[in-house]
Amino acid sequence: MMSNVLITGAHGFIGKHLARWLARQGHQVMGLGHGIWPAPEAASWGVTHWLNGDIQSGNLRLLQQAGGTPDVVYHLAGGSSVGVAIANPREDFFRTVATTAELLEWLRIDAPQARLVAVSSAAVYGSGHDGPIAEDATLTPYSPYGYHKRIMEELCRSYAASYGLRMTIGRLFSVFGAELKKQLLWDICARLATGKRPLVLGGSGNELRDWTDVRDVVRALDLLAAHTSDSIAVVNVGTGTASSVRQIASGIARHWQLPDALDTFHFSGQSRPGDPFSLVANATRLSQLGFAWAVPVDDGMAAYVSWFQGQRGVSP
């Protein structure tokens, strides 16, 4: 059945992929966030109505008038980087916490029947975790980014409990894929493109992350919309499989077709502030909802390298 969908942050990396996926399922997709996005380009990603502006009630009402009241809202707007949050915590607070308060108040008044999928982050778990982390683990954020995501979640719970709004919270782990132009994979590829060797990366290389291909992640977010309630389920959007930074870096080098992939990288041993050693999902709850991951990490890495080289016009 076709739904009317609103995505905050639709112009971002995950937002674009989610819009395209939902449009291909037959839904009408509206978007609100920052970025100049000409109508033909937005339409190529499946967005029929795009508004470049802050997440606030006036803009939300303008979109509502243009495209109708949404049946489902996916809230992806907000801070998207630990490093940026550490450099400018006040800006990250407004991008993550204040926008969520604005969205929830608009939902309460103007769209109380809409279902909300609030997109959070594994950063709320913080450090000190060994092995897969379950959704009921103690939240001990390690950075302003993680703290602000936790506050965002609490705001959602308060509106669900007080006003009966139906929601689900999805905690994302290490999402990657085409259009990602920041973070580890982008940094490695950008530096490989310069031809300089070896590359020095931060940390020990043994740090563990749960890498998830964005093409799978958007399917999971679509599934979560069917499991909203005023009691708010929290679901890890992760595979449950750990890969070290060293493994990922070596895989990127291999797909770049470097003959000396293992000798391409050196690790400084200096970790970046705000980066826990291990963030890996307990994926049981998502699996119980009927979700199955389809893109193996190595296949996703190969696709990312191919995309990067194609859009940069570089060759191995």
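Quick look at the numbers
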{"read-out": "Residues (among the hydroxyl-bearing types (Ser, Thr, Tyr) and under 15 Å from residue 127 (Cα atoms)) located in region 265-286", "value": "271, 278"}
{"read-out": "Conditions (1) in contact with a helix residue (DSSP H, G or I) (Cβ under 9 Å, 6 or more places away or on another chain); (2) buried (at least 20 other Cβ atoms within 10 Å of the Cβ); (3) touching a residue at least 60 places away in the same chain (Cβ under 8 Å): number failed by residue 12", "value": "(1)"}
{"read-out": "Which listed residue, of 37, 106, is farther than 30 Å from residue 229 by Cβ, at pLDDT 95 or above and aromatic (Phe, Trp, Tyr)", "value": "37"}
{"read-out": "Residue check for residue 101: touching a Leu at 6+ places or on another chain (Cβ under 9 Å), in the same structural domain as residue 226 (by TED's automatic domain parsing), in a helix (DSSP H, G or I) and exposed (fewer than 14 other Cβ atoms within 10 Å of the Cβ)", "value": "no"}
{"read-out": "Within region 9-32, tally of residues that are farther than 22 Å from residue 113 by Cα and not in a loop (DSSP other than H, G, I, E, B)", "value": "8"}
{"read-out": "All positions within region 29-55 that are more than 21 Å from the chain's Cα centre (by Cα) and touching a residue at least 12 places away in the same chain (Cβ under 8 Å)", "value": "48, 49"}
{"read-out": "Test: residue in region 2-20 that is within 15 Å of residue 68 (Cβ to Cβ), touching a Gly at 6+ places or on another chain (Cβ under 9 Å) and modelled with pLDDT under 95", "value": "yes"}
{"read-out": "Sole residue being assigned to a strand (DSSP E or B), touching a residue at least 40 places away in the same chain (Cβ under 8 Å) and over 18 Å from residue 178 (Cβ atoms), chosen from 6, 63", "value": "6"}
{"read-out": "Among the residues listed as 61, 95, the single one being among the basic types (Lys, Arg) and crowded, with 20+ Cβ neighbours inside 10 Å", "value": "95"}
{"read-out": "Hey, residue 197 of a type outside the set (Gly, Ala, Ser), assigned by TED's automatic domain parsing to the domain that holds residue 14 and in contact (Cβ under 8 Å) with a residue 12 or more places away in the chain or not", "value": "no"}
{"read-out": "Residue in region 132-147 that is assigned to a loop (DSSP other than H, G, I, E, B), over 23 Å from residue 217 (Cβ atoms) and in the same structural domain as residue 64 (by TED's automatic domain parsing) present", "value": "yes"}
{"read-out": "The one condition in (1) part of a helix (DSSP H, G or I); (2) over 15 Å from the mean Cα position of the chain (by Cα) that residue 203 fails to fulfil", "value": "(1)"}
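Every residue, every condition in (1) modelled with pLDDT of 95 or more; (2) part of a loop (DSSP other than H, G, I, E, B); (3) surrounded by fewer than 17 Cβ atoms within 10 Å (Cβ to Cβ); (4) not aliphatic (A, V, I, L, M), yes or no:
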| residue | (1), (2), (3), (4) |
| --- | --- |
| 50 | yes, no, no, yes |
| 55 | yes, yes, no, no |
| 69 | yes, yes, yes, yes |
| 79 | no, yes, no, yes |
| 85 | no, no, no, no |
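The values are calculated or read from the model by the stated rules, or taken from the named source; none is laboratory data. Every value quoted in this text rests on a predicted model; they were computed, and no experiment measured them. Cβ sites come from the backbone with ideal geometry, for glycine too, and all protein chains shown count toward neighbours.
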